[in-house]
Structures are given as structure tokens and as C-alpha cells.
Amino acid sequence: MDDDRISLAHGNGGRFMRELIEEVFAKALEASEIDVQADAVPIDLGDGEVLITTDGFTVQPLEFPGGNIGSLAVHGTTNDLAVAGARPMYLTLNAFIEEGFEMERLERIVRSLADAAVEAGVRISAGDTKVVRRGEGGGIYLATTGVGVRLPGAVPSLKQIRDGDVMIVSGPVGDHGTAVMLAREEFGLRGDLVSDAGPVMALTEPLLALDGLRFMRDPTRGGIASIGHEILKATGLGVRFEATIPVREPVQSVCEMLGYDPYYLACEGRVVAVVAPDQAEKALAIWQALPDGKEAVRIGRIVAGEQRVILETPLGGERFLEELEDDPLPRIC
Amino acid sequence: MARTATEWLEALRELGVERPVRIMNVCGGHERSISIAGLRSVVPANIELVPGPGCPVCICPEEDVYEAMQLALHEDITLVAFGDMLRVPVNVPKKDPRSLEQAKAAGGDIRPIASPTEAVRIARENPERKVVFFAAGFETTTAPVAAMLAEGAPENLLVLLSGRLTWPAVAMLLDSDKPGFDALIAPGHVATVMGPEEWGFVVDKHDIPAAVSGFTPESLVAGMYSVMQQLRDGRRDLDNCYPQVVRPGGNAEARRQLSDVMEVVDANWRGIGVIPASGFALRDAYAAHDARQHFQSYADESRKRVGEMPPGCDCAKVVLGKIYPNECRLYGAACTPRKPIGPCMVSDEGACRIWWSSGTRENVWEGRKRDALG
């Protein structure tokens, strides 16, 4: 490939497009053994219930400390399968690239997408690229569809949640949202915070062995407060967050400066689990023994009779966490 | 041996003052910390925490916002303003742009900024163009504007100044029949710049206990403890509960620049009226940077409700601590952060916005209506 920037010819179905697909995408995705010639390919799923999910990625900036839009496109979709109790197996990939996009940057993004896929144990089995005219896209947009198979064990779902259940989180909240925001350098703020974006299968799979596992979710857009509202809405049970929700110092100070609430900021590599009270300690112990779960803690409980999402503050006070309205940080995933 | 917020709270409970006490704060940052930490639910029940005149956006004259909009719409300029000014509504006929944000959509070159440095940068990058900096704020934002001018701003940078001092609003309340508070938490950042002494009149002249506090729950509860202890002991002194940054005399350099560049004048507060010696105006030596001198005035006295809050909006009462945000009939009903009617729901420093974003959704009027029906 001689070009150092994407042109409309890279999307015209001809030679340049073939070269782009072969030399940038297929090369990086070697481990996926992607068949770029076929219109459609068979996938082998083995036994078990098949789960499917899809997600689009428009993060700005495209690259941020701890990841980029490529790795995010793998983590976002595979994590959705993981928290549903599935093992992700295949992804499809759509790339919408803006005319003028630097080839070197594209290669970097595709490479980290490929690395993330290997790490997550998924194959990219089908894909498509389009080139949009200059000014019609934010550099590059990605969309991935993920297919996985339900693992044996608990079947986590909102319907399983009961009064008195305990909520745990695998690590500090709001790192991703804050890291992306700092990378924008919009507010004259700088920091060395790294996004938590990453695969969560190592966290979700061992919890499936607990019959008291009720529900899992990755707190992406809308943060943990929004998980509280999803639970409230689906079950009619109140959610009481305790004053133990871990928030890193830089996240806390950015929130204080800009008037944000960390409980609404996104993570891309954390899991919130709702567990029966008698198995909460066990679930925590499982997570804390894992590299990604060292900072796991109990963060709340399900309470019938209080149909609100309530936050207990460190001083013993409380306030309501209302449903998110205007996103303080648009386009973080 | 600094106490934690929890220890201060414990001490506050043990003070044994049982009569009802209303403690006013004068800073959006204080109100935010109080709301986010849920302090109202943990202080002793006889203590009421009242948000006071702590929001510069909320009291910025409606005429000044209107003027800024008209300059942006009718003059060949770039208008820069602090972000939370952009959505403040003015009183105009329905078809006209009613905020800087809408004036921008109508073609005005209006850009949000976060600091005077950005105004200077934009002026430097566009030397052929006049850049008007709509500078609304209290002492903490006005001082950097003075510094910017004192240190030499680009020739094409003009200032539409709408700076205010905080203490005169408190003085006005204390001079009135019903101040509405028994103790004061004075603003830490303002005191950092101007010195805590500015607030001495509260204790000396009015016999009201006061403490300067910072923005952590520790510093705020320490301030509450201090004023309650003063009440109990019949003692009055202006306590400094933010000694880490608040020093006697404040920031001498910032104060010198302020008085070099600006004079203190009588000034209008939106919905409240003129408060003597409560505003800043550029001195003649800086007339070349004064947008009010440079452009014709677009003031239109025939406008309906000129200078007032929008119809039905109780922002002025909220600012003066006369009612709580959710005691306004519009709160959460017609007025929300997404569709704000009054400035207190626009600004991050506005009590209505702060109460809304920290989870208070119920409007007292709606509650009463429901109770009456139910």
C-alpha cells in the first residue's frame, strides 16, 4: 500500500479497496483466519444456547490512554456477551472510514483490534469497510456484532434479582469516561489516568459457578447509577448504593472540578454483579483473587419497599441518584 | 490534629444547641458539596442549611445577557463567554433568540471559554477581528479578568464586564427586616482573593456568627460547628475554617490588580435590584478595552419584563435564601436543566441545578397537590 491516507478509491470495490482489506485488515487479523473472498462464511458454535449482540463505536478521541476505538470495539461487544453468561466466539466488523484518514493510524487501530480479539478469544469472521467523504465521519466509526454460546451454570438476568441481594463491583468506577475526557484536553485538564477498557471474561466466567449469581452488567454509558435504574425499572425493587463505591482520586477530582457525578461515568472493563446475600463473600473472594478483581468490593444492596436508587454518603447521609438525563461526556464509546 | 467530617459531625451533635438555626452559604461550590455529601440528612434536625447568593450567573443582569446577545448578532465580532452563561434565558418575544446559545444558532459567532487565557488566545489568533469577552462573575472570576487587562491584553480584545462582589448582597439581606438566617458560612475562594476580613461586618455589625469554609465536607462541617459553638457561647468571631488557602488580607497582588483596573460601583442584580457598591466597572485608563464604550448600547427599555426573571420564576427568592429551590412552582415541572426557565437551573452554581442534579426531583407544590388529592 503506497497511500498514506484513505481516499474514496479505498471504498470503491476495486483494486485499492481489495488492497486495503488484504494488507491492513486481513493481515492484522491473521489469527482470525478471515476469508476475505467469501460473501458469507459458516461458523462453528458447538453446543449450547447461542447469544448475539451488536454495538457501534464513535469514541472521540479515537485513541486514549489504555486503548483506542479498535480495542474498544472488541471489548464493548464481547463484554456484553460475557455479562450475559456467554463465552464470546465470533465477531463481525464494520468500519466506516473518513476520506483523508491517516493509513498509519488506521493500521494502529486495526492492530489493537486484532490483539484485543486474540486476548478475548474471539475470531473476526466477517467484515466490511466503507469510505465516507471528508467531513462526514469522525475519522473512523466501527460496529461489531458478537456471537457467543451460553456457558453452563447460573443464567444471570434481571428477573432473578431478589430483595436483600448484594451488589459487588470488580474495581473502581469512572476510569474510562474520565480518561477519555482527559484525552480530549477540552477543559485544560491533563492527567495520567488510564482507561479500564479490557475483557471481563476472566471475571464473569467463574461467577457462573455460583447458583446465587442473579445478574451481571458492565457499567458502560450511564455508569453504575444507570444499572441501579435498570434494576429498579425491571424489578420494582429499590437499589441502595453504599458509601463503599471505589472511585480513584483523579476521577474524584475531575468530577469535583467539573461538577460531574462519578456514579454516572462509564467503565469499559468492570463488572457489577448482583448476588444472593449468602454468596456475596464468596463472589468477592473469587474476584479478589484475580488480577482484574483485586479492588473488588461490595457496593450496595437490593431493598424492597424503597422504590428509588439511593446513595449512602460517607458521612452517613443519603441522596437519590436519579436517572441520567444529559450525558456529561458524549461519545466515550 | 485535623478532624474528619464524621468527627466534626459528632462534635456538632454534641454541642447541645437545640433551637432552630438557619445557616446560609454564599457559594455554589458550598451548596454542591452539601448536596452531594447529603449533609442535610445528617446534621442535627434543628439546623437548616440555606443556599444563598452564591451564583454569579443567576444574578447577572438580564440586560447584560441581552446586550451580549445583540453585540454577537449585530456587530462583526466574536463573543466569548463562560460556558454556563450560554443557556441563560432573557425575556424576548417567542420568535427571537432567547439565550446566547440560540443567538449562536441564529448566526452569532459565540464561543464558550473556561478562562480569560482562552479569550486572549482567541483574540491573538484573530488579530483582524474584535473579540468581546462577556465577563460575568464574582470576585474569583473578575480578579483574573483584571489581571488579564493589567498584564496587557491584545488590542482587539474588549470586555463586557458584569462583575459583582458577593458580600454586599449578604449586607443587603442583613440590613433588611428579615435576613432569613442566623449564621453564615462565608465563601472560601472569595476570601482567598479578597481576604476573610471582608466578612467581618457580619459578626461586628450584625452580631451574626460566621466562618469561612472550603469545599470539602470537613471544612464545611467545621464551619457549621464553629458558628453553632459561637451561638452557644454567645461569642462572635469570624472563624477561618479554610486556613490552608485563606490568608489574612487575601491575595494582595490580585486585589491590587482589581483596584488598578476596576472601580467599585452600584450594580444591578437580576430580579433583586441595585445593590450599592456591589459591582465592578472598568476604570477610564482601560476604556480602550471596554465594550460598553466601544459599541452603541442595544438596551431596549420597551422590552417586556426587561431586567426581570422570566414569568413565574422564583430564582431571585432562591438566590436570597427566601425559599428552597423545590419551593418554586416551576421547579422540575416547567423548569429542568434540559429546558431551563430561570438562571438558577442553568448554572452549575445555581441552587436549582445543584438540587436537581443531586437527586431532588419533587416539587413541593406537586407534593402538596398530591397530598390534597390523595
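Observations, loosely collected:
- Residue check: residue A:272 meets all listed conditions (1) within 14 Å of another protein chain (Cβ to nearest Cβ); (2) touching a Lys or Arg at 6+ places or on another chain (Cβ under 8 Å) but one, namely (1).
- Unique residue being assigned by TED's automatic domain parsing to the domain that holds residue B:208, touching a residue at least 60 places away in the same chain (Cβ under 8 Å) and within 30 Å of residue B:209 (Cβ to Cβ) when the list is B:191, B:183: B:183
- Every residue from the range A:1-55 that is of a type in the set (Phe, Trp, Tyr) and farther than 22 Å from residue A:115 by Cβ: A:16
- Residue in the range A:194-204 that is assigned to a loop (DSSP other than H, G, I, E, B), of a type in the set (Gly, Ala, Ser) and under 30 Å from residue B:83 (Cβ atoms) present: yes
- Single condition residue B:348 does not satisfy, out of (1) within 14 Å of chain A (Cβ to nearest Cβ); (2) among the acidic types (Asp, Glu); (3) assigned to a helix (DSSP H, G or I): (3)
- If you go through the range A:1-43 and keep only what is hydroxyl-bearing (Ser, Thr, Tyr) and at pLDDT 90 or above, you end up with just A:7.
- Hits in the range B:353-374 - residues which are part of a helix (DSSP H, G or I) and within 14 Å of chain A (Cβ to nearest Cβ): B:353, B:354, B:355, B:356, B:357
- Only one of the numbered conditions (1) assigned to a loop (DSSP other than H, G, I, E, B); (2) within 30 Å of residue A:185 (Cα to Cα) is not met by residue A:95, and that is (1).
- Residues in the range A:129-173 that are crowded, with 24+ Cβ neighbours inside 10 Å and among the polar types (S, T, N, Q): A:144, A:170.
- Single match in A:71, A:32 (criterion: closer than 17 Å to residue A:129 by Cβ and within 24 Å of the chain's Cα centre (by Cα)): A:32
- Taken over the range B:335-345, the residue count meeting the criterion of being within 14 Å of chain A (Cβ to nearest Cβ) and surrounded by fewer than 24 Cβ atoms within 10 Å (Cβ to Cβ) is 4.
- Annotation: residue B:281 fulfils all but one of (1) more than 23 Å from residue B:173 (Cβ to Cβ); (2) away from chain A (no Cβ under 14 Å); (3) out of contact with any strand residue (DSSP E or B) (no Cβ under 7 Å at 6 or more places or on another chain); the unmet one is (3).
- Candidates B:321, B:342, B:350, B:359, filtered to the one that is over 30 Å from residue B:171 (Cα atoms), among the small types (Gly, Ala, Ser) and not assigned by TED's automatic domain parsing to the domain that holds residue B:99: B:359
- When the range B:1-56 is limited to residues that are of a type in the set (Asp, Glu) and more than 14 Å from chain A (Cβ to nearest Cβ), the one that is nearest to residue A:313 (Cα to Cα) turns out to be B:48.
- Residues (surrounded by 21 or more Cβ atoms within 10 Å (Cβ to Cβ), within 13 Å of another protein chain (Cβ to nearest Cβ) and out of contact with any strand residue (DSSP E or B) (no Cβ under 8 Å at 6 or more places or on another chain)) located in the range A:284-323: A:315, A:317
- Filtered residues of the range B:161-183 (kept if farther than 19 Å from residue B:47 by Cα, part of a loop (DSSP other than H, G, I, E, B) and of a type in the set (Asp, Glu)): B:177
- Residue count for the range A:8-56 under the criterion of being of a type in the set (S, T, N, Q) and not in a loop (DSSP other than H, G, I, E, B): the result is 3.
The values are calculated or read from the model by the stated rules, or taken from the named source; none is laboratory data. Everything numeric here is computed off the predicted structure, so don't read it as measured data. Cβ sites come from the backbone with ideal geometry, for glycine too, and all protein chains shown count toward neighbours.
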